[in-house]
Amino acid sequence: MLETHTEEVARLRGCLNDLVGIMALPALWAGGEPQQIVATLLDALFGILQLAFVFVRLNDPDAGPWIEMMRGTELLESMHPAREFGVALDASLGDALLKWLPSARVSIGTEEFCVASARLGAHGEIGIVVAGCERPGFPEQTEKLLLQVAANQAAMGLQQARVLSAQKQVARELDQRVAQRTAELAKANEELRKEIIERRLTEEKLRHEERELERSEAFLAEAQQLARIGSFSWRVVNDEITWSEQLYRIFAFEPGLRITLERVATRIHPDDLHIMREMVDRVRRGAGDLEFEHRLLMPDGSVKYLHWLAHGTGEKNGGSVYTGAVQDVTQRRHAEEALAQARSELAHVTRVTSLGVLTASIAHEVSQPLAGIVTNASTCARMLASDPPNVEGARETVRRTIRDGNRASEVITRLRDLFRGKDLIVESVDLTETTREVIALTWSELQRNRVILRPELDGTLPPVLADRVQLQQVILNLLRNASDAMVDVEDRPRELLIRTEPDGDHHVRLSVKDVGVGFVPQDVDKLFEAFHTTKKEGMGIGLSVSRSIIERHNGRLWATRNDGPGATFSFSIPCGPAGMGGAGDPGMIRTAAGIDAHHVVKNL
Amino acid sequence: MIIPRSLVSVVDDDESVRESLPDLLKEFGFDARTFSSAQEFLNSDCVGTTRCLILDVAMPGMSGPGLQRELKTRHQEIPIVFITARSDENIRPRLLEQGAVECLFKPFSDTALLEALKAALRVN
């Protein structure tokens, strides 16, 4: 009895120890995965209960395939993997786990085992644990208790593990969603960043373009300043005038000052106001493009020369807008004036020099025989006065006097031949182009004389065969005559019209019309006579020479009185081969002074 | 006592002058010789005996002033009356300054020439 009691106490103590060991299991698998919990459970039960095998089948909470794990003797483990154990158990106990008995006998292969099972979870919803032992009488009461406690412990651990797993899953899903969202945000962020960069690039490009535009405008302004060119627009219907900065500078007006025609007029040179009035009238009458020059009289007394170019465009409401450019050509004009002055002086010097050389030549050539004549005559007189008179000697001196007289005469003849030179430069000449060149030469002179020049030049005239320089001399002469004829005109604009046009099929005509003093009908024939002049300082040879030149070109030069004031001088010359082809006496077109016309005009 | 007639030499490339002047000079009472160039005169035997030289200013080859300088170089200075067909008045003071007795512009009167010759001989 005592012995039994002692064994009982020892068995109970062992059981308590085992129970304590089992109760300590959760501390081992805390936070672990289900497989880890099951493995711990299998090891513990296998060791504590001294089993042949212990087997666990876990249900998958998501209705997937179950998980089977087994721990057994080396022999069993080597012969039967867990899966075969499951199949064998199913075969012995049936495939409904819930119906498995807490204890039974099963055959695995050729061996028989006593088995005890315990459900994991109150209703085996987690799975089942099956312990097998070769020992008959298994399980004993304490072994059942230990198995059940261990199963309960494992069930709680597995439950927690599942919750934890679910939580981890949720956390993973959350992490995934966070990661996905983060990725989406990162992507959106990236796109945003790209968009920002693109926008920045666009803005940069825009700013660059703006800077370019500003720079272009600055360049334009600088170019305008450098070239002294201003621009303007003028809406004629309401006199709304817009100026560029440079134009303000040219006129020395405060920037932004409202521009009116009256204000502009305050700067115009008093002698040129008529030009402005004339241009304004033309614009009001609806004239087309404009080009004119005038002077400014600045507050400091300096004078500027401006060149205007304007283009008129019509508008739907019937008004028109003039836009154009104004260039300060003061420096150019001064240079031209200096050049014209130099040319004029050079021409004068050349003329004087030529005359001087010619005079010296004439004097020398004639003086030699004259010296002989005078000496012979003196000798003759002395011989005849001597006593007795030396008649023979006197006769000889008279003979030599006659001879020297003839010699002087020959000199005169030779000089006349020299004047009548025969070299003319004939070429194909565009009358309009030639006229333009003469206008350029006389432009400043006409401006000085306040002459408003109106060229009406036909650019399509056929060429003429002519001496270009001599034609220019004629045109120059007619322009100067017209300008001179208007020098005292104060009651009307000094308009000078120069026109080139076809004259029938085979001639071209140039006309110069002035509003000057004109001439009386009875003088019409005298106009072209040499030394006839109406000018205070005139020589009266210009028209005479001009007519000679034109006639030399097989043309004619004539004058007509205008219906109004003034006169029109015109010449007409044949174009094509009829021009210089049938030339008569080429010497006729030398000027009265004997100076080569080509030489004179060239030096202008 | 016979006073020898003074020799006046004329150097001028113009034939009219060479032909007409000797007769006039003889009327004045001088001997006269003519030469068509300066070189011809220098080459002649009259350089030492000429009492007065009537000399054209502009001639082919050696000019009148050129001959004047040549004579000065040879220390054979002869009183010179220049004659010229040029009308440049500025030439006269220059020639007088360089030692000429007179400068006459062609055509000149017989009296003007005689006055010039007298002045030249007085210098001599």
Inset, instruction - Hey, could you check region A:234-265 for residues that are assigned to a helix (DSSP H, G or I) and open to solvent by less than 60 Å² (accessible area, probe 1.4 Å) and say which is nearest to A:G286 (Cα to Cα)? - result: A:L261
Legend entry - Given (1) touching a helix residue (DSSP H, G or I) at 6+ places or on another chain (Cβ under 8 Å); (2) of a type in the set (A, V, I, L, M); (3) under 30 Å from A:A166 (Cβ atoms), number of the condition A:A82 does not satisfy: (1)
Legend entry - Options B:A85, B:A100; residue that is over 24 Å from A:V411 (Cβ atoms) and open to solvent by less than 20 Å² (accessible area, probe 1.4 Å): B:A100
Legend entry - Residue that is nearest to the chain's Cα centre (by Cα) [pool: residues in region A:378-400 that are at the interface with another protein chain (Cβ under 9 Å from one of its Cβ atoms) and either among the basic types (K, R) or surrounded by fewer than 21 Cβ atoms within 10 Å (Cβ to Cβ) (or both)]: A:R400
Legend entry - Tabulated pairs, region A:251-267, first on the phi < 0 side of the Ramachandran plot, second among the β-branched types (V, I, T) and assigned to a loop (DSSP other than H, G, I, E, B), C-beta under 8 angstrom, 6+ apart or interchain: A:F253/A:I259
Inset, instruction - Kindly provide the set of residues from region B:23-35 that are open to solvent by 10 Å² or more (accessible area, probe 1.4 Å), within 14 Å of another protein chain (Cβ to nearest Cβ) and within 12 Å of the chain's Cα centre (by Cα), ordered by number. - result: B:A32, B:T34
Inset, instruction - Please tell me if B:F41 is away from chain A (no Cβ under 14 Å) and either within 23 Å of A:T397 (Cα to Cα) or in contact with a Leu (Cβ under 8 Å, 6 or more places away or on another chain) (or both). - result: yes
Inset, instruction - Scan region B:1-13 for residues that are crowded, with 18+ Cβ neighbours inside 10 Å and either under 18 Å from A:Q368 (Cα atoms) or facing another protein chain (nearest Cβ under 9 Å) (or both) and jot them down. - result: B:V10, B:V11, B:D12
Legend entry - The lone exception for A:L309 - which of (1) under 21 Å from A:V451 (Cβ atoms); (2) aliphatic (A, V, I, L, M); (3) not in a strand (DSSP E or B) it fails: (3)
Inset, instruction - Of the numbered conditions (1) modelled with pLDDT under 85; (2) within 19 Å of A:T313 (Cβ to Cβ), A:A221 fails exactly one; give the number of that condition. - result: (2)
Inset, instruction - Working only within region A:483-525, note down all residues that are more than 24 Å from A:L273 (Cβ to Cβ), in a loop (DSSP other than H, G, I, E, B) and under 51 Å from the mean Cα position of the chain (by Cα). - result: A:G504, A:D505, A:H506
Legend entry - Lone unmet requirement of (1) in a strand (DSSP E or B); (2) open to solvent by less than 70 Å² (accessible area, probe 1.4 Å) for A:L158: (1)
Legend entry - Residue list for region B:45-54, restricted to those being more than 14 Å from every other protein chain (Cβ to nearest Cβ) and either touching a residue at least 12 places away in the same chain (Cβ under 8 Å) or under 19 Å from B:A100 (Cα atoms) (or both): B:C46, B:V47, B:G48, B:T49, B:T50, B:R51, B:C52, B:L53
Inset, instruction - Using the structure shown, decide if B:S16 is open to solvent by less than 20 Å² (accessible area, probe 1.4 Å), without any contact (Cβ under 8 Å) to a residue 12 or more places away in the chain and not basic (K, R). - result: yes
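The values are calculated or read from the model by the stated rules, or taken from the named source; none is laboratory data. Quick caveat: nothing in here was measured; it's all calculated off a predicted structure. Note that each Cβ is placed from the backbone with ideal geometry, even for glycine, and that neighbours are counted across all protein chains shown. The protein model used for the area step is the full one, side chains on, heavy atoms only, and it has no ligands, DNA or RNA in it. Shrake-Rupley method; radii C 1.70, N 1.55, O 1.52, S 1.80 Å.
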